[in-house]
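Single-structure report; data block below.
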Amino acid sequence: MTRAKPEDDEYWNSSKFKAFTFDDDDDEFSRLKESKRAVNSILVGDYDDDDDEDDVERVSWTGEPVGSISWSVKETASRIRSGSEQSFPKIDTTPSLSKQGSGYSLSSLFKARSKPGAFQSFSESFSDTSTRTYAPELRKPRSDGKDFVSDLSPEETVRRMQKGRAFSLEKFRSLQDKLLLLDEAVAVYDGNVITAVLIYLKRSLSKEILFRELMARDVALRHYVHYLKEMGEQKLLVELLKALGRTEDMALIQYKEHLNIKDEGRRRDFLKSCLSLPFSHDDATLVQDHYTLLERQIIIEASDKKADADIFKKFPRKASILNMPIITTLYYSCFYHYGESEGTFSSPSNIRKTFRIAEKQYILTALGARAKLKSWFDVDSLFNTKNWLGYTKKRSPIGFHRVVDILQKNSAPVQVLQEYVNLIDDTELKLSVALKYKCHDIIINTYRDLKDRQQLTVYGEKLERGSVEHRKIQELLNSGQIRWKN
């Protein structure tokens, strides 16, 4: 039957139900009005004891059904705004209705049919007009909330992990679910998500099963290897590489453990144990050299600590030789033990032979050490060679211009510099080096050999008048025996 228009308006205006809107229902004034209306409706309402309890719909004090969308939105907003405080306002009056002293619950106000006298006593408590208390909204029981996080599929879980939202991996208990989760993580190409899933699998699966499944998943395997390296879990990493058949990588990982050993004796013993690991040929040679070098350094260090030779007094040692590179060890040997017989461990020639040091590297290192000591005789001996006729000739595998540079840095005398500048074969390079280090005799003789009168004249103007070099240039310019080009 169709309602008349006035009756229709009256129905909607008086109904405790209202449609859901996006208006601000949390407005303080609106809440006060609706709380008052709800309390008044209880005080004056006509309750029929004979009605069935199930016919009454549960509503909040705002008149909305408990559990509705609008009620949930307002409930959430109320909790955020007020925190742990009560979400209803109180008018500041003298005596107030004590919450602890009341024997009535909110549910009894809606279900009071079994206690007819309840509302009478409740009404009497409101007879004092100086006291008004507004009841709070009904809270939604926590037990009614559904755990959506635990019901997510692997795809949805990975999506939440990417977005930084709450997630739980504990629900994935079977091996199949865990592998599906890992495959979903790999499919999104997100390293952080992949690593997070791998950490969960590491905790919840045995090593054997995890290693077996990672063999078929290269991307996940690379992430897991990187994770173990970053976390320093060397033992587990070695087991993984061994299970994968990557024995050389396993050996290198194990070899790197020597870096964590501080005591030189224990480090030497550890390196000796590494010699049996399955390295490649080149790596095995390097590990062998490392062990031999540390063994030599321990012997030399123990001997030199007690040495009282003059060179140790004149040039005291500034640091220990232990754990130094091979070139540093060779320099040390050339500085403190040059000239020792090849049979001793500290001899430069013994070190050169044992560790297969190239001739150029040996000459550069020895030249620097002996030039530092101003031992020019030893410098000459580095370059002296004899031919098959027995004649001595200087030869350098590094080029004499580099020899001159090293000598000059160590403040070699002019005579020594000029001797080695003269050994430079290329004329232009020789002239360039001589001009750089002001070897006047070589410059003058080179311009003379080139018959370049003009350059010789220009250079003579740069010298001090009356000096030996200046007089020599004047004599050459006045000589009639030279046929100048210009």
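The values are calculated or read from the model by the stated rules, or taken from the named source; none is laboratory data. All values reported here derive from a predicted model rather than from experimental measurement. Neighbour counts are summed over all protein chains in view; Cβ atoms, including those assigned to glycine, are modelled from backbone coordinates with ideal geometry. SASA here: full protein model, heavy atoms, side chains in, ligands and nucleic acids out. Shrake-Rupley method; radii C 1.70, N 1.55, O 1.52, S 1.80 Å.
Descriptive notes on the structure:
- The simple spin-label model puts a point 7 Å past each Cα toward its Cβ; for residue 247 and residue 218 those points are separated by 2.4 nm.
- Judged by the mean number of other Cβ atoms found within 10 Å, the most tightly packed of the peptides 243-254, 452-463 leads the ranking 243-254, 452-463.
- The range 353-409: C-alpha gyration tensor shape, a/c 1.5 cut-off, then a/b vs b/c: oblate
- Around the Cα centre of the range 288-382, unit charges on the Cβ atoms of Lys, Arg, Asp and Glu (plus for the first two, minus for the last two) sum to a dipole of about 300 debye.
- One chain, two ends: residue 429 and residue 189. Fully extended at 0.36 nm per residue, the span grows by 80.5 nm beyond their Cα-Cα distance.
- The range 158-252: radius of gyration over Cα atoms, expressed as a fraction of 2.2 N^0.38 Å: 1.08
- The mean of 1/r over all pairs of different alpha-carbon atoms in the range 215-278, once inverted, gives a Kirkwood hydrodynamic radius of 12.7 Å.
- Per-peptide packing, taken as the mean over residues of other Cβ atoms within 10 Å, places 404-413, 473-482, 327-336, 376-385 in the sequence 327-336, 404-413, 376-385, 473-482 from highest down.
- Label point 7 Å beyond Cα of residue 156 along Cβ direction - residues of the range 183-210 with amide nitrogen under 18 Å: 184-185
- In terms of the mean number of neighbouring beta-carbon atoms within 10 Å, the peptides 426-432, 465-471, 195-201 order highest first as 195-201, 426-432, 465-471.
- Its Cα gyration tensor gives the range 279-335 an equivalent ellipsoid. The semi-axes, each the square root of 5 times an eigenvalue, are 28, 11, 7 Å from largest down.
- Take the Cβ atoms of residue 360 and residue 469, set R0 to 35 Å, and the FRET efficiency comes out at 0.50.
- Fraction of accessible area attributable to carbon and sulfur, the range 222-276 (%, probe 1.4 Å): 49
- Scanning residues 5 or more positions from residue 394 or on other chains, those with amide H under 5 Å from its amide H are 385, with H placed 1.01 Å from N in the peptide plane.
- Pairs spanning more than 19 Å between alpha-carbon atoms, out of 306/372; 202/229; 436/462: 306/372.
- Gain in span if fully extended, residue 319 to residue 395, counting 0.36 nm per residue against the direct Cα distance: 23.9 nm
- When the alpha carbon coordinates of the range 245-398 are projected onto the principal axes, the ranges are 60, 39, 23 Å, largest first.
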